[in-house]
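The values are calculated or read from the model by the stated rules, or taken from the named source; none is laboratory data. On a predicted model such as this, the values are computed, not experimentally measured, just so you know. For neighbour counting, all protein chains shown are included, and Cβ atoms are generated from backbone atoms with ideal geometry for every residue, glycine included. In case anyone asks, the SASA skips ligands and DNA or RNA and just uses the protein heavy atoms, side chains included. Shrake-Rupley method; radii C 1.70, N 1.55, O 1.52, S 1.80 Å.
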Amino acid sequence: NEGRNYVLRRIMRRAMRHAHLLGSKTPLMHQLVPVLVNQMGQAYPELIQQQALITDTLYREETRFRETLDRGLKMLDEAVGKLPDGGTLPGEVAFKLYDTYGFPLDLTADILKTKKYQLDEAGFETAMAQQKALARQSWSGSGDKATDKIWFDLQNDVGNTEFLGYGSLRSEAVVQTMVKDGAIINEAKTGDQVGIVLNQTPFYAESGGQVGDIGILRTDNAEIEIIDTRKPTGNYFLHQGVVKNGTLKKGDAVEAIVDAKARRQTQGHHSATHLLHEALRRNLGEHIAQKGSYVAPDRLRLDFSHGDGLTAEQLQQITQDVRDQIAAGTAISTKVMNLDEAKNSGARALFGEKYGDEVRVVGMGTNDATGRAYSIELCGGTHAKNTAEIGAFRIISEGSVSSGVRRIQAVAGITAEKMAEDELALLEKTASLFKAQPEILFDRVQKLIEENQSLNTEIGTLRRKVAMGGGGGAQEIEQVGHVKFVAKTYDDLPVKDLRPLADELKQQIGSGVVVVLTKESGRASIVVGVTSDLTDTISAVDLVNAGAEVLGGKGGGRPDMAQAGGANLDQMSEAIDKIRQKLVA
């Protein structure tokens, strides 16, 4: 919903609006994709590669927009209905259509023109300016803008850092420069937080979703703890760390040592991400494409294009497919080749990513009949040497990130093992509490829940019987206008019992209106019930909102039963009086 995505959605929605005006009753634009691919596929090969994804995205977007369009048109019709003939639609209404329903201003103007109404464009621009001002006030910035210039200056001064980390976790290096508090320095002392640029390094800098390495830099006179590694701009690596002791100077020779355990876990999660990506594609379809990832020592996260939530069965099968590839224990290969060769080998590129003339191709998993690995992707990150090194694997969550994008979070290796151990310990602890073996714990808990529900039902029934007996300030049946009316108030009746109580009162009076109120947790709650023979002329929703207005709240429901609440605990009697007045109005 921002940047180029927002602009593209606006253009698409205008086209969809025209299709709607032309009389198209079902989504249309996705049907045009084959023609587009036929005409433009040679110039833009990604159209061919991503045809299934593009088709699915267009279909879902138009389906959603048609629902949005209907709601927006209804709102516009309601607003226009309040205008005199030839009147002017307020700018703030047009802005709400734009901001909430995705109606471009010219679309609203077109619709108004056909209805012979005017549009307050100046008011729209004012509302737009107010929103932008609020957005600017709420944006605090990235925190790096003030030092952007220094990163570009460093790129010119120090050039590229040679990365040695594919083959080694330890190397010699020379300090080329250092940065502290946004300024270049030549010397860092104990306690200083500093960014260090080396001529070469085994530390992986954060990119492609993989976090930067951590570790240690050592000299004869100093030790620096590296807490992150990144690339501010260009291709030089900035090692962010704290000088633990001694003094570090520009030009010093250092020994760079990556934290092997953290790297190993990160690599396992990265390789598992590749296998997961391929398992998703094979189980859900060719439209699956990676939309983002995060790979760290403790977990992995993969965002992918897909419209619907995954079922338990699908997640189970995807998990098993990844585990099968891990268990096969196949070597993970990396090859450097030119981009065309990589694509011809079947390697999957990330849609929208920019690649140089030479790329790194990572293949892993069992080979198919053609000899191709299970997963082949362009990737500059670090990986395990063999799928078996990934270890245990489990998916811990799956959900929606945004329209048409889902997210899976998973763990592998010692993280997954530790999670399983913790859960087993909790299971055994819970089983001991119930004095039961873990294998029968589920049945024991289920039985306990059923007994608890049965007891709660009995308690609720007894509580309502006591309430029906006249406790808590019961009132007799009255005649309000031509309607029987019963109102009861209570000081400690649970809110969940109000509706069943109202139902019982309705049955008792046969025809009429019942009102029940209670105080609970510092709030007044009210339920209004109307018997079915009166709902054509009397709405419980209207009555409950009359009472809720006195209580300081608002309610809703059905014509025969509605509920509301408010903070004005001392106004319960007045709320009943307001409902009486509403009945005779």
>> Here's a check for you: in the stretch 277-295, which residue that is surrounded by fewer than 17 Cβ atoms within 10 Å (Cβ to Cβ) and small (Gly, Ala, Ser) is nearest to the chain's Cα centre (by Cα)?
In response: Gly292
> In the stretch 174-209, how many residues are outside any strand (DSSP E or B) and closer than 20 Å to Glu223 by Cβ?
Replying inline: 7
>> Checking the conditions here, which among Ser521, Ser511, Ser573 is within 19 Å of Glu478 (Cα to Cα) and out of contact with any helix residue (DSSP H, G or I) (no Cβ under 8 Å at 6 or more places or on another chain)?
In response: Ser573
> Pick from Lys429, Lys418: which is without any contact (Cβ under 8 Å) to a residue 12 or more places away in the chain and farther than 30 Å from Ala260 by Cβ?
Replying inline: Lys429
>> Looking only at the stretch 92-117, filter to residues that are in contact with a Ser or Thr (Cβ under 8 Å, 6 or more places away or on another chain) and assigned to a loop (DSSP other than H, G, I, E, B); which one of those is modelled with the highest pLDDT?
In response: Tyr117
>> Whether any residue in the stretch 374-382 is of a type in the set (D, E, K, R) and surrounded by fewer than 17 Cβ atoms within 10 Å (Cβ to Cβ) is what I want to check.
In response: no
>> I'd like the residue in the stretch 478-511 that is open to solvent by 50 Å² or more (accessible area, probe 1.4 Å) and within 40 Å of the chain's Cα centre (by Cα) and, out of all such residues, is nearest to Arg580 (Cα to Cα).
In response: Arg499
>> Checking the structure you have, find out if any residue of the stretch 571-578 is in contact (Cβ under 8 Å) with a residue 60 or more places away in the chain and more than 43 Å from the chain's Cα centre (by Cα).
In response: yes
> Which of the residues spanning the stretch 154-173 are in contact (Cβ under 8 Å) with a residue 40 or more places away in the chain and either surrounded by fewer than 16 Cβ atoms within 10 Å (Cβ to Cβ) or in a helix (DSSP H, G or I) (or both)?
Replying inline: Leu154, Gln155, Val158, Gly159, Asn160, Tyr166, Arg170, Glu172
> Got a number for residues in the stretch 180-196 being within 36 Å of the chain's Cα centre (by Cα) and open to solvent by less than 40 Å² (accessible area, probe 1.4 Å)?
Replying inline: 4
> Looking only at residues in the stretch 421-453 that are of a type outside the set (Phe, Trp, Tyr) and assigned to a loop (DSSP other than H, G, I, E, B), which one is most open to solvent (accessible area, probe 1.4 Å)?
Replying inline: Lys435
>> Tell me the residue from Ala109, Ala127 that is of a type in the set (A, V, I, L, M, F, W, C) and open to solvent by 20 Å² or more (accessible area, probe 1.4 Å), please.
In response: Ala109
> If a residue has to be assigned to a loop (DSSP other than H, G, I, E, B) and in contact (Cβ under 8 Å) with a residue 40 or more places away in the chain to count, how many in the stretch 480-529 make the cut?
Replying inline: 2
>> Looking only at the stretch 316-332, count every residue that is under 23 Å from the mean Cα position of the chain (by Cα) and either within 18 Å of Ser375 (Cβ to Cβ) or buried (at least 16 other Cβ atoms within 10 Å of the Cβ) (or both) and tell me the total.
In response: 2
> Which of the following residues is open to solvent by 80 Å² or more (accessible area, probe 1.4 Å) and in contact with a strand residue (DSSP E or B) (Cβ under 7 Å, 6 or more places away or on another chain): Lys335, Lys418?
Replying inline: Lys335
>> Take the residues in the stretch 522-548 that are open to solvent by 10 Å² or more (accessible area, probe 1.4 Å) and hydroxyl-bearing (Ser, Thr, Tyr); name whichever of them is farthest from the chain's Cα centre (by Cα).
In response: Thr537
> Out of curiosity, is Ala384 out of contact with any strand residue (DSSP E or B) (no Cβ under 8 Å at 6 or more places or on another chain), hydrophobic (A, V, I, L, M, F, W, C) and at negative phi?
Replying inline: yes
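Mind listing whichever residues of the stretch 255-276 are of a type in the set (A, V, I, L, M, F, W, C), surrounded by fewer than 21 Cβ atoms within 10 Å (Cβ to Cβ) and not in a helix (DSSP H, G or I)?
Residue satisfying the conditions is Ile257 alone.
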> Within the stretch 24-80, how many residues are open to solvent by 60 Å² or more (accessible area, probe 1.4 Å), part of a helix (DSSP H, G or I) and β-branched (Val, Ile, Thr)?
Replying inline: 3
>> Where the second residue is open to solvent by 80 Å² or more (accessible area, probe 1.4 Å) and assigned to a loop (DSSP other than H, G, I, E, B) and the first is over 16 Å from Gly72 (Cα atoms) and lies in the stretch 102-122, which pairs have Cβ atoms under 6 Å and are six or more apart or on separate chains?
In response: none
> Hey, does the stretch 376-393 have a residue that's among the polar types (S, T, N, Q), farther than 30 Å from Arg9 by Cα, under 27 Å from the mean Cα position of the chain (by Cα) and in a helix (DSSP H, G or I)?
Replying inline: no
> Taking the stretch 216-252 on its own, how many of its residues are open to solvent by 10 Å² or more (accessible area, probe 1.4 Å) and either in a strand (DSSP E or B) or hydroxyl-bearing (Ser, Thr, Tyr) (or both)?
Replying inline: 16
